[in-house]
Structures are given as C-alpha cells and as structure tokens.
1. Could you give P(r) for region 850-977, binned at 5 Å from zero, as whole percent values over all Cα-Cα pairs?
2. Based on the Kirkwood radius over alpha-carbon pairs, what value in µm²/s does the Stokes-Einstein equation return for the translational diffusion coefficient of region 667-707 at 10 °C and 1.306 mPa s?
3. From a point 7 Å beyond the Cα of Glu136 in the direction of its Cβ, which residues of region 67-88 have a backbone N at a distance under 15 Å?
4. For region 524-625, which GluC sites (Glu not before Pro) are in a loop by DSSP, counting at most 16 other Cβ atoms within 10 Å?
5. For a quick check: sort Asp412, Asp377, Asp282 by the number of other beta carbons within 10 angstrom, fewest at the front.
6. Using only Cα atoms, what Kirkwood radius does region 759-864 have, in angstroms?
7. Quick one: order Arg913, Arg248 by neighbouring beta-carbon count within 10 Å, fewest to most.
8. Which of the peptides 526-538, 806-818, 441-453 is most tightly packed, and how do the rest follow, judged by the mean count of other Cβ atoms within 10 Å per residue?
Amino acid sequence: MVLSRRTFSAIAGSAALGLSIGCGGGVGAAAGPAPTGPAPGPDPGPPGADGRTHTVGFDKYSMIVDGGRVVLWSGEVHPFRLPSPSLWRDVLQKLRAHGYNTISVYVSWNYHSPAPGSYDFTGVRDLDLFLRTAAETGLYVILRPGPYINAEVDAGGFPGWLTATRGMARTSDPTYLTYVDEWLTAVNRIAVRHLYTKGTGTIVLYQLENEYANHVAGPEGRDYMAHLYKKVRADGIDVPLFHNDKGRNGHWAPGTFDTGGERERWLYGFDGYPSPSKQPPDWGYFGVGGTKGGASASPRTPGFLAEFGGGWFDPWGGVEFDGKGYAESRRTRDAAYERRFYLTNLANGIKVHNVYMTFGGTSWGWLPAPVVYTSYDYGAALDEARQPTAKLVPMHQIGHLVRSVPELAALDRAEDTVVGGGAGIKAYHLVSPGTEAHVHVLRNDTAADVVATVPLAGTTAPVPVPVPVPGRDARLLVTGISLGRRMLRYSTAQPMLRVAAGRQDVAVFTGRTGEATETVVECASEPAVTVHDGSARATYANGALRVTARLGGLTRVMVEGGGVSRPLLLLLADDETSVRLWRYDTPSGSVLVYGPALLRTATLHGTTAHLTGDTIDEADLEVWAPRGVTRVVWNEGRLPMRATLSGSLHATRRLPGAGPVRLPALTGWRRKAENPESAPGFDDSTWRAADRTSSYSTTPVPAGQPVLFADDYGFHYGDVWYRGRFAGAAGARSVSFSYVTGTQGLLMAWLDGRPLGTHRMPVPDKKTVRRGTWSATATFPVAPGEGPHVLSVLVRRMQHDEDGRANDSHKAGRGLASVTFDGASPQVRWRIQGEAAPDPVRGPLNNGGLYGERQGWHLPGIPDGGWQSVGLPRADRGQGVVWYRTDFRLTVDPGTDASIGLTLDDDPARAYRVQIFLNGWNMGQYINDVGPQHTFVLPGGVLDTRGANTLALAVLADGTTPAGPGKVELTLLGRAAGGVPVTLVDSPGPTR
Ligand code: IPT
C-alpha cells in the first residue's frame, strides 16, 4: 500500500507535526524556535569562505543553512594522520568529488602540545591551513577538538604531560579544567577564524568531549560539560554545539545540562559501530520506535550520527590479537555493507551522517594508542595510500543523491511498504512532506538474491514493479520527484543525481552491472526518444514514458518534446561507470563530467571550462556545461572538443594515463650498533636521578621503591633507559623487574654490560586487559657478588592507554615499576633517560629515548660515512639496538602522483622490531614476529618523490633469534596522472 501524504500524517502522529514544533533556524541572537515562516528551501550549494555572514540552524528534520535544508553527508578525516599539508587538499578534493559535502575532524591535543602552556599549530600541525583547504574545497567542517577524543591515539588525545598532573581528567576537577581551558583557548583561537557564520571558513558544527558516558549522572560530569559549553561560547564559537553519545543512550540530550539557556543551539548526536554480520539497527525515527532510552531523547533535533562505522581498526597481529590487516576490515564492511547500513540510517531519519573513517591515514610516530599499530587505514573508502576503493562507489552515489534531491532532506516515516516475493526483505517507506515524493529503502538481510515486487507510484496509483535486491545488499528508490522539467513516476534503479547542465536536464540512475531496470517518466504527450548508447527500449503509454534497460556501462536515453521544451537526458550507469561521472557546482552553473578517474575542480571562465583531475589509464573526457561553454581545458592543456548528440562536449583525443613509476632498490646500507648505555662505564651523569617518592600515576608505586615511571620524570613517548648502581649484592640469585607498558612492550636488561635477557610483555587475559594493567615481572638469574654493579634497562613502553571510561586510565604507569633481588637487598640508585627535547618541526610524538635518537641518527645529513657498509638481508646476533641507514633518490615525473610505501619482510620467527625514520620522520613501528603490518605509507612531502631521501631503521632485537632487517623495499601503492602540487615538509638535519 502506498499512502498519500494526508493519510500518512494520521498514522505518523507526532512525527508529522514536525514543522510546527521545529526549532531554531538561526544562530546567535537569532537562534530560537522558528515554527512559522517559509518552509526551508533547497540546499544552498557548496560552501566557502565567501566573506558573507551565514545562518546555521536546524529543525527536527535537518540542518538549515541560510534557510536551505542541508543533509550533511560527512567523512571523518584526521589531519594529524597525514603529516603532509599539501596532501590534505588531495584527500579533501577526492571526498568532495565523491559526493561528500562535509568533513568531520578531530583535533588531537597531544599533537599540538609538547608541554603545558606550549601550543603549536605550525608545519604539519597547521590547523589554519587545513581548515582553509576545506573551505577552498567547498566542504563544511564538523570540528571535534575534544578535549578527549579517544580515536585510537595515545592517551585518547591527552598530552603526555597531562598524565603527570594532579586532578581527575574528564571531570570538573579545577586543575584539569585549567589545562582544558588552555587547550580550548589555543584551538578556538584558530577555530573562530573559520566559522561559516562569519563567512571566514566552513565550520558549521562543533563537538564537546567524546563518548562521555561515565559521569552522566554526577555533578562532576554535568558541571564539566557546562564548563566546556560556556568556555567554547566565550571563545566565540557561535555554531550549534553537540556531543557524540556512545550509542543512542540519550546522554547529553538538550536540557540535560546547563547550556546557559541556549537549548536551541545544542544538538543531540550519537555514534554506532554495529557488527556487519548483524541486522542494521533501527535507531528510531524522530523519537518514534528504537529500543534504547535515547530513541526519544531529542525529538526536536535532526537524526545525527556523529560517527558511524565505515570500517574498523585493526589490532596487532600474532595469536593473541589476531589482527588480520585492513583488507579484512574492508572485506567485512564492504560496499554492500555501506548500502545496507547507511541507507538504513537514512531511512531512520539520519540527516547528519558522518562515516568514521572515510580516510583513516597513518598513526605515525608514537601516536597510535596501544590497541593499534601504525596504519590507521581502517578499511576506509579512501585507503591509507590515498587510493579510492570500491567502497567509494556507494558513498559517491548516495552523496550526490542527497545533494541533488532536496526531498530527501525532510522525510516522514510512512507505513512500511509491503513487498511481494521478498522474504527477508526489510522495506522502509518514507514521504516528503508537501511534495509527491516517496522514498523506499529495500534491504535484503538474507544471503540470497531476491527480486521483490514493490508497489511504486509517482502521481498515479501504485504499480507492482519487480526490483532486484542482491543478497546482503540494499537500494533506495524514489517516486514522484522532479527531474528538472519532468516528473519521475518511479525507477527501479537508484537515483544518483539530477542536474541542469547546458540546454537540458540530466538525471543519473545506478545499480549493479547486469540488473534489469525500469524507469518511468511522466509525459503529457509522446516524446521523441533516442537511445544513444546501451540496450534501452522505450515505450509510451498512459501519459508516461517507460524506459527499460539492463545496466552495463553508460546507457543514454535522450527524451525530447512530449509537451516539454527542455530535453531530458537519462543516464543509466552501472557502479563502475557511476564513479566516472562527476558533478561539480560552480558559481556560474553546474558541470557534469564523464570519463576521468577523478575530477578535482571545475571553473568556468567565459566560454571555457577549466577542469583539473586525475587519470590512471587513458580516458575519454565528456563535459556537460552551461550554454555557451565551447572550450575545455584539462589540467592546463586545451583539448579539441566536438559537440555530441547527448548535448555534451566530447574530447576528440583521449586523456593520457599515468606513466610508469620506477622505484630504485634500496642498497648501500650502513650499519651501526648502539646501546652504549649497557656498558658499565657509560657516563650517565647528565641523566635525571629517579628519586621521586610520589607519582601522578594511577598505578601504585611498590613499597620501598623510588618512583620509576617515566612520565613522572617528563619522558612521555617511546623508549626509556634506566641505569641503576648498587653494591652489597652478595648472595643475590636473581633480579626481578616489574614493569608496565602498553601492548607489545618489552624490557631488555644488562648487568655490568652483560645481557640478562629480554622480556616481552605478555598479553594479559581478557579480565586483566579490561583493568588496563599491562604489567609483568621479568626475572633473570644473577650471581653478581658484592659489587659495585650497574644494571642497564631499556623499556619499550609503547603508548599510554586511552581513557574511554573517564577513570584516568591514561595515567597508568609506563616504564619500570620496581626492581628487587632474591637473596640480597641492595639499595639501587637509579637514573633515567627518555626522549630528548621534542623535535620542534616533527613534534613531540616523533621520538623516544634511544641513544641513536638522542644523537640524531634518524635525521638526514648526519655523518654516517664511518658506519659499517653492509648488505641486506641481515642475520644479526645479540640483544640490543642496531641502526641501518641508506639514501635513495626518486625521479617520479612531475605530472604523476605516485603513492609509495616501504615494505619490510622476513622469516616471521625472527624476534625483532624496527622503528622506521624517513628524512627524520618516524613513520611507524614494524614488529617482525607480530605483524600484521608490513607496508608503511611514506607520504609525498615527507618523501621527496623527485629528489634525495634518507631512510634510517632502528632495530631492536630480543637476542633470542637472528635479527634482520630482511627484505626492505619501496612499493608502489598507486599512481595517477594529475595529483596536487606537493611542497616538501621541512626535514631539518642535526645542525638546526
Ligand atoms: C569511538 C570513538 O568515538 C572514536 O574516537 C574511535 O575510538 C572509534 O569509535 C573507534 O574507532 S569508540 C566506540 C566504538 C567504543
């Protein structure tokens, strides 16, 4: 049954009352209920820093920008996971081209703050530049500066130094709030320069805290949230604010804490990471339905998924964790997953939809939280190497759809569609108030392909129509929408976009290759129909043109006349073809481009369309542009064009593909062993004495021991050394080191220069992991005699825990906890040394405290001529640290964007790990016998693709097996003709 809009209102009850209870269309003083006045208009189009003031508000359906409804179709991107500012533009252009109109951005406090009071937004940390680039790309921004972000980063984004401060984080504790204010002042000083309301940027939403679920009821939580609200407003942030509730619990819904009376400027947002093997969840629609208390928590704000899983993070490998690599995340959450889950979200009234992650990037240096390894690819639609994946296809199709069809921005739930022949098909039915549009989302929860019979109607009575819905897939159908001058009665293919381009309307429909489709368009009289390409057939009856076609490539059907002067070009594209169709809206009209692998920009100047973009293979170029445009320039080269029967311009020459990229073998290795700290005579007089008696850590300090946790001495990242002097050890039979690290931590010890052995942090059982106590005791037999003696201990402590439960778990100790002897009790005097002063360019998370790092062995330009010349693979023996360096030169063609990685491989039985430095930048950690990561992305900008580079590998070996490096080689991860201009990041050597 298909209901008229009037019938439906009676069924949906309060849901249909929407506009009369809708709230606040404005900001600042203008904010407040706006129940009367004109209904919101259509999406105002791509935003920019245009110097004009704008209004940003919302009602229960959607965001309302400048009086127009906007569905925010957003992708999560973290600038701190791509340390090459030029490439931010590449990623953002790819997202816009693929249909996103918004990005959501965490800002990670630790990345910007090496010390209290010190905030750095320069170089790779240039948030201003990132936000400017987003505005230049025409993307709205949802800014999420925490203070706590989680995000699988060290301490969930808290700076290392915060672990050594008083006060309970994520509460109203006054000491903590002092630091929070410091951070917010610093980040908001930049954010206020990019508010869309001011016309100086494109920030439209701003998040406070993240998944804050553990102090919801107490004053310490409510006062904290109220404090954040007040502070952020005081700093001049005037766009609507929101929180990201961990699941739809209704936490921090409007009215649950003090927002200074500004209830109408606060949105309710929540996140969801459902298992891909489960049925997609119904969140409830505008407070109707849903299983959790939060379903009805915020009936006046639009459905807002602040994060919805677009992939999943991968744990370390090995038997304990079983990280399988990101191909697996991409396989379990594939394109069909996106259609099933995201279309279900739309059917549930979600109008702010952010996919976490859309580009995951790299947790380089010591950024990753203990749960993850270096790559944060996430199985996202755009992979870590900036390459599009098949997962961009549905994003592209749905993103362009919500932009093109304004009816989708305001939908009421109608009675579910009753489909025939579709056991296992869930059918949602929605209507657009005040229009003839109906939306059906058909989801197949079974593995079998189904052809369902669906009653579809435009302006007429419903007709049962066969609609294929492949197993574990979904599609969205519309009826009764305008295609420009003509109305669509229905189509069994999913609409992707409609645009007025040149002298005609163009409408694009998509589906899987080989599917039979039927598209029916209202026509008062019989039109002239020409099939330009593909297998389509057209018949006219009952005031409608019926076009049937099997999807394959691009089917073109030109409809002319039939009572309408403006022609309609119907384009039926299979998936692969749909991502070769690019809509770009310019201030002087829309452009539709078909052919190349990517359209980055389109600008119209008089009679010329200037296009930039990428090709991989040779490609055709076809352009639908406003009337009068006769010339086309592609990547600065003028192309000869001819006019086509489809109303487009077609290049008479194909665009060239990308040329070959040749990568050199890595040879000329130089080797140098270090860990001089293990030698008895090493001079540690400049090291800090470990003599504290109290700690800020949440890990108890064992009785009778000095504080040995590294954070208490100002060492927050990477490796830490201890040297302990003692005498009076006669009778000692063994020495035991208790230590605390994150996952994959280890400890290696020497007594008087002789190795005692290496201990690897065992994986605690599940209960222990939950308690967050990654601690262990390593016991080594000794027979030292009276002394004096020196113990040397290196702890690879990995990173700080996140603080997801707001219980200060980021303050768990890191490093040694205690050292005791069996058979003797000598007093040990300890000294400690971690990382040197933070690298002012590469940032606080770039380095730990290895000798080579303290000496700058990771940097380009250090004199390594005296190092031993060696070839790889190696089979080194012994416990300790050895460095390998080499230089290489790349000569990638200037017109080619080559994405390059470093691949390491060896016999998996070999117990060693490698810290990878490219031109001094810490590109991550390879653990040979754990995995699963073997290839490390080397982003252009850090990597000079047209010049000399220095690679340095710091190898830590257990000493229990031979140690590599084994195979070390450059890998081509993607190439395209085009790309963006890349400016090299600063990579200073030791002289600065
Ligand atoms: C949730 C967090 O908000 C986000 O920061 C990130 O950690 C993400 O999801 C997981 O990758 S955490 C939630 C799934 C418990």
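1. Taking every Cα pair in region 850-977, the percentages come to 2, 10, 21, 22, 20, 13, 7, 3, 1, 0.
2. Numbers: Rh = 14.1 Å.
Diffusion coefficient, whole number: 113 µm²/s.
3. 84-88
4. Values: sites: Glu560, Glu576, Glu618, Glu622; in loops: Glu618.
Answer in residue order: Glu618.
5. Details: Asp412 23, Asp377 27, Asp282 16.
The order, fewest Cβ neighbours first, is Asp282, Asp412, Asp377.
6. On the way: mean 1/r = 0.0576 Å⁻¹.
Answer for region 759-864: a Kirkwood hydrodynamic radius of 17.4 Å.
7. Details: Arg913 20, Arg248 24.
Exposure proxy ranking, most exposed first: Arg913, Arg248.
8. Order by mean packing, descending: 806-818, 441-453, 526-538.
Values quoted throughout were computed directly from the atomic coordinates according to the rules given, and no laboratory measurement underlies them. Here the structure is a predicted model, which is why all the values come from computation and not from measurement. Note that we place each Cβ from the backbone using ideal geometry, even for glycine, and neighbour counts take in every protein chain shown.
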